[in-house]
Ligand code: ADP
Ligand code: ADP
């Protein structure tokens, strides 16, 4: 099975939801750039303070900051056997930097890129109804994937909140940023023969099964 995996797809496609499950199934860490930024924002670290204005506006954090953050994360020993990246890379320079860092760390190349495809109109509904767990970033939806008890995370009992960037206005901006800056990465990975398209407009379980079945095809690569 693939080891260096990048999840692609627009905001709200279900990357985080699927990555959390996949990480458990494959036994490799889930590295979400958005989760790391939110953690730093909450703790008001130097990185958090620098990233805050971009995250809150739904714009991309500058490449140099983002790349340094991911380089540090994937250099840790828990990523020795592979990594599942969610939300990174999002720009062409980030994708090139990822290739360079994997090579420098002797980890080979990105070998599978599940890309979750979904019509734009569904994305807004997904994002504005999303609720996120304070403690560990578990993901719910008020209608499509509700917690057992409203406002409380099923997994760790912490509070569920609505992300500040999940308002209609910021969401629209994030989708625009995706189309301009991240969508071109689909071609980048397609040309390498590692892109695996997945239909995101089906139940969470069905999307998961489809991702597993396309990844199995990569086994031994
Ligand atoms: P992304 O990480 O791509 O932005 P998320 O995994 O956070 O997306 O999912 C966005 C929202 O859509 C969440 O509220 C999640 O519960 C919900 N969701 C994810 N996958 C599905 C699905 N297959 N069907 C319905 N809702 C989904
Ligand atoms: P979603 O999957 O819902 O779009 P994320 O949690 O991945 O959201 O990202 C939230 C925000 O964090 C982004 O809107 C952006 O401001 C910042 N961010 C996350 N990943 C990156 C990245 N690779 N490059 C630049 N900014 C990023």
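The values are calculated or read from the model by the stated rules, or taken from the named source; none is laboratory data. Just so we're clear, the structure is a prediction, and the values are computed from it rather than from any experiment. Every residue, glycine among them, receives a Cβ derived from its backbone with ideal geometry; neighbour counts consider all protein chains shown.
I'd like the residue in region 156-167 that is within 13 Å of ligand 1 (Cβ to nearest atom) and exposed (fewer than 15 other Cβ atoms within 10 Å of the Cβ) and, out of all such residues, is farthest from residue 183 (Cα to Cα).
Among residues in region 156-167 that are within 13 Å of ligand 1 (Cβ to nearest atom) and exposed (fewer than 15 other Cβ atoms within 10 Å of the Cβ), the one farthest from residue 183 (Cα to Cα) is 161.
Taking region 123-134 on its own, how many of its residues are away from ligand 2 (no atom under 12 Å from the Cβ), within 17 Å of residue 150 (Cβ to Cβ) and surrounded by fewer than 19 Cβ atoms within 10 Å (Cβ to Cβ)?
Going through region 123-134 one residue at a time, the tally reaches 2.
Which number in (1) part of a helix (DSSP H, G or I); (2) under 15 Å from the mean Cα position of the chain (by Cα); (3) surrounded by 19 or more Cβ atoms within 10 Å (Cβ to Cβ) marks the one condition that residue 40 misses?
(2)
Please determine, by comparing only the residues of region 45-67 that are more than 9 Å from ligand 2 (Cβ to nearest atom) and assigned to a helix (DSSP H, G or I), which one is surrounded by the most Cβ atoms within 10 Å (Cβ to Cβ).
47
Within region 19-27, can one find any residue that is part of a helix (DSSP H, G or I), touching a residue at least 12 places away in the same chain (Cβ under 8 Å) and either within 20 Å of residue 166 (Cα to Cα) or within 9 Å of the chain's Cα centre (by Cα) (or both)?
The answer is yes, given that some residue of region 19-27 is part of a helix (DSSP H, G or I), touching a residue at least 12 places away in the same chain (Cβ under 8 Å) and either within 20 Å of residue 166 (Cα to Cα) or within 9 Å of the chain's Cα centre (by Cα) (or both).
When you scan region 90-201 for strands (runs of 3 or more DSSP E) that lie fully inside it, which ones turn up with 1 or more residues that are more than 22 Å from residue 215 (Cα to Cα) and either under 17 Å from the mean Cα position of the chain (by Cα) or modelled with pLDDT under 95 (or both)?
Here the list reads 130-133, 139-141.
Listed here are the residues, each with its yes/no results for (1) surrounded by 15 or more Cβ atoms within 10 Å (Cβ to Cβ); (2) farther than 19 Å from residue 25 by Cα; (3) away from ligand 1 (no atom under 16 Å from the Cβ).
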| position | (1), (2), (3) |
| --- | --- |
| 69 | yes, yes, yes |
| 76 | no, yes, yes |
| 86 | yes, no, no |
| 100 | no, yes, yes |
| 108 | no, yes, yes |
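Based on what the data block shows, is residue 6 away from ligand 2 (no atom under 13 Å from the Cβ) and surrounded by 20 or more Cβ atoms within 10 Å (Cβ to Cβ)?
no
Restricting to region 202-221, give me the number of residues that are surrounded by fewer than 18 Cβ atoms within 10 Å (Cβ to Cβ), more than 16 Å from ligand 1 (Cβ to nearest atom) and part of a helix (DSSP H, G or I).
Residues meeting the conditions: 1.
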